[in-house]
Amino acid sequence: MHGGALAGWLLMALCAVSGAYCLLRTRTGTPQERSTARGEALMGFGMAAMAVPAAALTPPEWAWAVYGAVFGAAALRALWSTRRGAHHLHHVVGSLAMVYMAVTMTPGAAGAGGHAGHGAAAGGAGGIPLLTGVLLLYYALYMLRSAGHLIPAGTGVASFAGGSTEGVVRGGGAVVGGGVVGGAAGGGTELTMACRLTMGIAMFAMLLTL
């Protein structure tokens, strides 16, 4: 990355941890939730591999074709899944963004010469500026939306600030805005949202290196 090897290692670690958490989620939940978790685990580990600094690993040229094929298939699968819910469109965008980065960062393509972890070594920008800008805007909005969902509603914050932690201690969560936040289900939901936010931030950072 343009920030140097340290930034690349930190990004790789964040994506790997997110991928590992998503992998754990594949063991529980409904079949649809497990399927979503598998797709997110693939995205996390894929971004982790893409963020490895050039000084540590320079992938062979054919690796980018593999990236494109894997995430192209993931995009098609996510597109097929949209018939069950529009939320799968985010997975379509993420998979296509991975394909776009893989194609752009193929040695000799648009002067890129490396992957996101190799941005500093490449020394040049690649990709289509308009498309990159659209993806950056999408992920910026996605990060704001995800972060907003993690912020407790005003009534919940006021109740907690007033010293009432009984709901948190007794039920593992508090009722905020008419819904349960925290608890066995809510806590997992918040952690899952935080994981998705982390991957959104990572994708935004990687797109900046193009």
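The values are calculated or read from the model by the stated rules, or taken from the named source; none is laboratory data. Since the structure is predicted, the reported quantities are computational estimates derived from the model, not experimental observations. Reconstructed Cβ throughout: ideal geometry from the backbone, glycine too, with neighbour counts over all protein chains shown. Ligands, DNA and RNA are excluded from the accessible area calculation, which covers all protein heavy atoms including side chains. Shrake-Rupley method; radii C 1.70, N 1.55, O 1.52, S 1.80 Å.
Could you state how much accessible area ARG34 has, in square angstrom rounded to the nearest 10, with a 1.4 Å probe and all protein chains kept in place?
The accessible area of ARG34 comes to roughly 70 Å².
When the Karplus curve 6.51 cos²θ - 1.76 cosθ + 1.60 is applied with θ = phi - 60°, which whole-Hz ³J(HN,Hα) does each residue of the stretch 57-70 get, with x for Gly and Pro?
Using θ = phi - 60°, the values come out as 7, 10, x, x, 4, 5, 4, 6, 5, 5, 4, x, 5, 5 Hz.
Rolling a 1.4 angstrom probe over the protein chains, ignoring ligands and nucleic acids, what is the accessible area of MET12 in square angstrom, nearest 10?
Per-residue accessible area (MET12): approximately 50 Å².
Relative contact order of the stretch 1-55: what whole-number percent is it, with Cα pairs under 8 angstrom and at least 6 residues apart?
50 percent
Heavy atoms only, 1.4 Å probe, whole protein assembly: order TYR139, TYR67 by accessible area, highest first.
Ranked list, largest accessible area first: TYR67, TYR139.
Pull out the extension gain between ALA63 and LEU24, defined as 0.36 nm times the separation in residues minus the alpha carbon to alpha carbon distance; nm, one decimal.
11.4 nm
Could you tell me what percent of the accessible area of the stretch 25-93 is made up of carbon and sulfur, with a 1.4 Å probe and every protein chain present?
Here carbon and sulfur together make up 67 percent of the probe-accessible area.
Starting from the residue with the highest accessible area, list GLU61, GLU33 in decreasing order, probe 1.4 Å.
Solvent-accessible surface, decreasing: GLU61, GLU33.
Using a 1.4 Å probe, how large is the accessible area of MET101, given in Å² and rounded to the nearest 10?
Taking all protein chains as shown, MET101 has close to 0 Å².
Please give the per residue accessible area of the stretch 45-90, computed with a probe of 1.4 Å over protein heavy atoms only, in Å².
56 Å²
By accessible area of protein heavy atoms, probe 1.4 Å, what ranking do TRP64, TRP9, TRP80 get, highest first?
From most accessible down to least: TRP80, TRP9, TRP64.
State, to one decimal in nm, how far the label point of MET193 lies from the label point of VAL134, with both points 7 Å from Cα in the Cβ direction.
Label at MET193, label at VAL134, 2.9 nm between them.
Across the stretch 1-45, what fraction of all alpha-carbon pairs, as a whole percent, falls in each successive 10 Å bin from zero upward?
33, 37, 20, 10, 0
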